[in-house]
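As structure tokens, the structure follows; a few thoughts come after it.
The values are calculated or read from the model by the stated rules, or taken from the named source; none is laboratory data. Since the model is a prediction, treat every value here as computed from it, not as a measurement. Cβ: placed from backbone, ideal geometry, glycine included. Neighbour counts: every protein chain shown. Remember, those area values only see protein heavy atoms, side chains included, never the ligands or the DNA or RNA. Shrake-Rupley method; radii C 1.70, N 1.55, O 1.52, S 1.80 Å.
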Amino acid sequence: MPLSGEMLIGSTSVRGTSGSMRATNPATCAEMEPEFFGGTVGDVDAACSLAEAAFDAYRATSLEKRARFLEAIAQGIIDLGDELVERVMAEAGLPRGRVEGERGRTAGQLRLFANLAREGRWLSATIDPALPERKPLPRADLRAQMIPVGPVAVFGASNFPLAFSVAGGDTASALAAGCPVVAKSHPSHPGTSELVGRVIQRAVADAGLPEGVFSLLIDGADNAVGQALVQHPAIMAVGFTGSRRVGRILVGLAATREVPIPVYAEMSSINPVFLLPAALSARAEAIGQGLVDSVTLGTGQFCTKPGIVIGIAGPDFDRFRTAALAALEAKPATNMLNPGILKAYGDGTDRWNNDEGVHALGSGSAAAACTCGGQPMLFATSAHYFLRYPNLLEEVFGPASLLIECATVDELVAIAKHIDGQLTATLHLTDDDAALAKTLLPILERKAGRILCNGFPTGVEVTHAMVHGGPSPATSDSRVTSVGSMAIDRFLRPVCYQDFPAALLPEAIQDGNPLHLVRLMDGKLQLA
């Protein structure tokens, strides 16, 4: 499929008129063909107007048709074969195995949401039958279901060119809910975005859906497209994965609209790892090796990378640190996603290097010239110093982590209380650590969306129970997740129907249960 550098507005391809750009290969720092052309506010209006026009027809499609549409997108992505894999590798500097794994995850997400759409339990169909004889007042017939909120804007992420981008989790969950999507490609991987976008565009046409169900926009140099997208009155919610700075800008723009809308932004997390004493005594060396493997996975560009590690000073912590440094020295510098991310990583590690209370422990191999290689690094500080300087809570995005030595258990607990909102928190423990773990757990429940035992947070399963969210600044709304089937909840809202004629009721809440849903009937669960 030849790349055109054009945007996809409904069923048409449109060449932007607001400047041009090319992707950069992180392995060589060379610009790639073709040129991609940025859109205008007018292009945003065209895409959003099509989405608004498509909304009612799309949300009225049957659950089965919606599921098959999502499955067609998944299969279309797989069918691109090496063309897609090689473009992702070139644009993101990622190895083939990682790209093929992410492609599988992306298709798996779409199929998960297809199955979810098909079964319909997310509709939360609820019926409270009329009680005309109730005293002192009769009860009306009350029925409720969830409906989609409307067109959704999705901002592609830099660190997952497939799984968190044009056909990623935000798009899959929004389409499953019945929401048209207007996506904005990330400037680091415009070719990848176009390839995937054309798969979705073709699936829309093959399914006979309104063309406005999907559009793909390209931002110009002035970022006008992204801002206009969030502020367009047709857009009813936003999905974003990226930096804290940009996420908060989008949240602010959405809040100042005449009709404010939610921005579900995943922004920043340092994912603390707590090494409890008995666990450290039992397996210090294994934890040290595992930590470094996790910190350097994907060149540290996972939002769940462990950014700080907390333990109590002593011989066992020394063993852990020695093992971690030995593992680190064997790690090569690998490609970061783009020159901007590499610069931000350098700025972050320079802050630690220049901080009088933080000292560098060691590093992996240096990067080769003319690449975007990120050198793995470990730093250390004391709990006393960490608790005094809030700037150490800032994420350093890349293959670096900060080891924090505590003088006492009380300092370890104090750090748990001190950290802000996180995507994850991890406890390494044994049965002998149970009392301390019970002290930490209620604190960490308030701080994180996912709590792990005896593992590392990199690697996010796409399942029904997964929570990939957390209190600010990890995300802008701790009540939801951006991964797993519960992600659909972001793009739904409840509607109650009171004393409706049977002919006007939505199928999900009709007598006889024609969709064969699990429903709540007069407060009791009714199986399909």
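Need pairs with beta-carbon distance below 6 Å; first residue under 15 Å from Ser482 (Cβ atoms) and within the range 240-259, second in a helix (DSSP H, G or I); sequence gap 6+ or separate chains.
Partner pairs satisfying both residue conditions: Phe240/Gly247; Phe240/Leu250; Leu250/Val230.
Just to verify a result, which residue in the range 141-155, among those that are small (Gly, Ala, Ser) and assigned to a strand (DSSP E or B), is nearest to Gly374 (Cα to Cα)?
Ranking the candidates gives Ala153 first.
Answer yes or no as to whether Ala265 is crowded, with 21+ Cβ neighbours inside 10 Å, aliphatic (A, V, I, L, M) and assigned to a strand (DSSP E or B).
Criteria met by Ala265.
Could you check the range 35-45 and list, in sequence order, the residues that are touching a residue at least 40 places away in the same chain (Cβ under 8 Å), open to solvent by 30 Å² or more (accessible area, probe 1.4 Å) and not acidic (Asp, Glu)?
Hits for the range 35-45 are Phe37, Thr40, Val41.
Name the residues in the range 484-517 that are surrounded by 16 or more Cβ atoms within 10 Å (Cβ to Cβ), within 30 Å of the chain's Cα centre (by Cα) and not in a helix (DSSP H, G or I), would you?
Hits for the range 484-517 are Gly484, Leu492, Leu517.
For the structure I just gave you, tell me whether Thr28 is among the hydroxyl-bearing types (Ser, Thr, Tyr), open to solvent by 50 Å² or more (accessible area, probe 1.4 Å) and either touching a residue at least 40 places away in the same chain (Cβ under 8 Å) or in a strand (DSSP E or B) (or both).
yes
On the given criteria, is Leu387 more than 28 Å from Phe160 (Cβ to Cβ), open to solvent by less than 10 Å² (accessible area, probe 1.4 Å) and either assigned to a helix (DSSP H, G or I) or modelled with pLDDT of 95 or more (or both)?
The answer is no for Leu387.
Return a yes/no flag: does the range 474-490 have any residue that is in contact (Cβ under 8 Å) with a residue 60 or more places away in the chain, touching a Leu at 6+ places or on another chain (Cβ under 9 Å), of a type outside the set (Lys, Arg) and within 23 Å of Arg388 (Cα to Cα).
yes
Would you check which residues across the range 292-317 are within 23 Å of Lys417 (Cβ to Cβ) and over 22 Å from the mean Cα position of the chain (by Cα) and list them?
Selection gives Val309, Ile310, Gly311, Ile312, Ala313, Gly314, Phe317.
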